[in-house]
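In what follows, a structure is listed as structure tokens, so that the remarks can point back to it.
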Amino acid sequence: MALRCLITAGPTREFLDPVRFLSNPSTGKMGFALAEAAREAGMTVDLVAGPVSLPEPEGVMLYPVVTAEEMFHQVDGLFGPCDLFLSVAAVSDWRPKVRLDRKVRREAGVPALELEPCPDILRAMVARRRPGQVVVGFAAETGDVEAGGRAKLASKGVDFLAANDVSGPSGAFGADTNRLVLLGADGSRRVLGPDTKAAVARALIAAVAPSR
Ligand code: C5P
């Protein structure tokens, strides 16, 4: 039987009112490239994606979501049977505590914005993983990318952490090329790229795919 790969991709949107939200510049390109690469490698692929404007990859089950809460529920339902989980989405860390039903009027003055944490999808899946499931986290880092990646590898409890430098104008968000430092829980370290996201995705799938 084919290996099952579950991937999250893109940003999430956390609404303050019907016309305003918190989000980030993720375009979903890296997650979608990984979905294609996993399918090319013969895996069955479930792709849970926040709002992106990318064509639907062929031969992949696409589950569109908008908020972190929706992404959490979709992933929660798909995680059980997966062999490989790639948590690529740039999930919002916080959301407005209250989501108003009606647009806040400008005339009402500057609103006080109280935030609360969004569910940490990756952490929740790591907590319920079963032996044999491989879990890969991603980290958008600025500054010391590797040190940040190592710290996140340990704190998230993943098998691999792909650290991404998103600082500066050539940051990974939206670009067609990427360079990742793939850190393993066993102490391994591999640099993937710089290359097209498609090539980096193929190299990453080859590096992390569980063997049967
Ligand atoms: O802690 P940080 O947000 O930098 O961690 C990034 C990793 O955690 C990524 O793999 C991302 O997909 C995942 N994440 C998540 N749910 C969140 C925040 C991050 O799954 N609410």
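The values are calculated or read from the model by the stated rules, or taken from the named source; none is laboratory data. This structure is a prediction, so every number in the text was calculated from the model and none was measured. A quick note on method: Cβ atoms are made from the backbone with ideal geometry, for glycine too, and the neighbour counts reach across all protein chains shown. Side chains included, ligands, DNA and RNA excluded: accessible areas come from the protein's heavy atoms. Shrake-Rupley method; radii C 1.70, N 1.55, O 1.52, S 1.80 Å.
To test your reading of the geometry: what angle, between 0 and 90 degrees and rounded to tens, separates the Cα axis of helix 145-156 from the longest principal axis of the chain?
90 degrees
Taking the Cα of Arg130, stepping 7 Å toward and past its beta carbon, and measuring to each backbone N in the range 31-54: which are under 18 Å?
The answer is 44, 46.
How many percent of DSSP beta bridges within the chain run antiparallel, rounded to 5?
40 percent
Between 0 and 90 degrees, rounded to the nearest ten: what's the tilt of helix 68-78 against the longest Cα principal axis of the chain?
30 degrees
Give the carbon-plus-sulfur fraction of the accessible surface of the range 1-127 in %, rounded to a whole number; probe 1.4 Å, heavy atoms of protein chains only.
Carbon and sulfur atoms account for 53 percent of the accessible area of the range 1-127.
Suppose a student asked you for the relative contact order of the chain, using Cα pairs under 8 Å spaced at least 6 residues apart; what percent would you report?
Rounded, it is 20 percent for the chain.
Pulled fully out, how much extra length does the chain show between Phe173 and Arg106, if you take 0.36 nm times their separation in residues and subtract their Cα-Cα distance?
This chain segment gains 21.0 nm when fully extended.
If you take the Cα Rg of the range 60-112 and divide it by 2.2 N^0.38 Å, with N the number of residues, what do you get?
The range 60-112 yields a ratio of 1.65.
Mind checking the per residue accessible area of the chain for me, 1.4 Å probe, whole number of Å²?
About 50 Å² of surface per residue is accessible.
By how many nm would the segment from Ala185 to Val19 lengthen if fully extended, with 0.36 nm per residue of separation less the alpha-carbon distance?
That works out to 55.6 nm of additional length.
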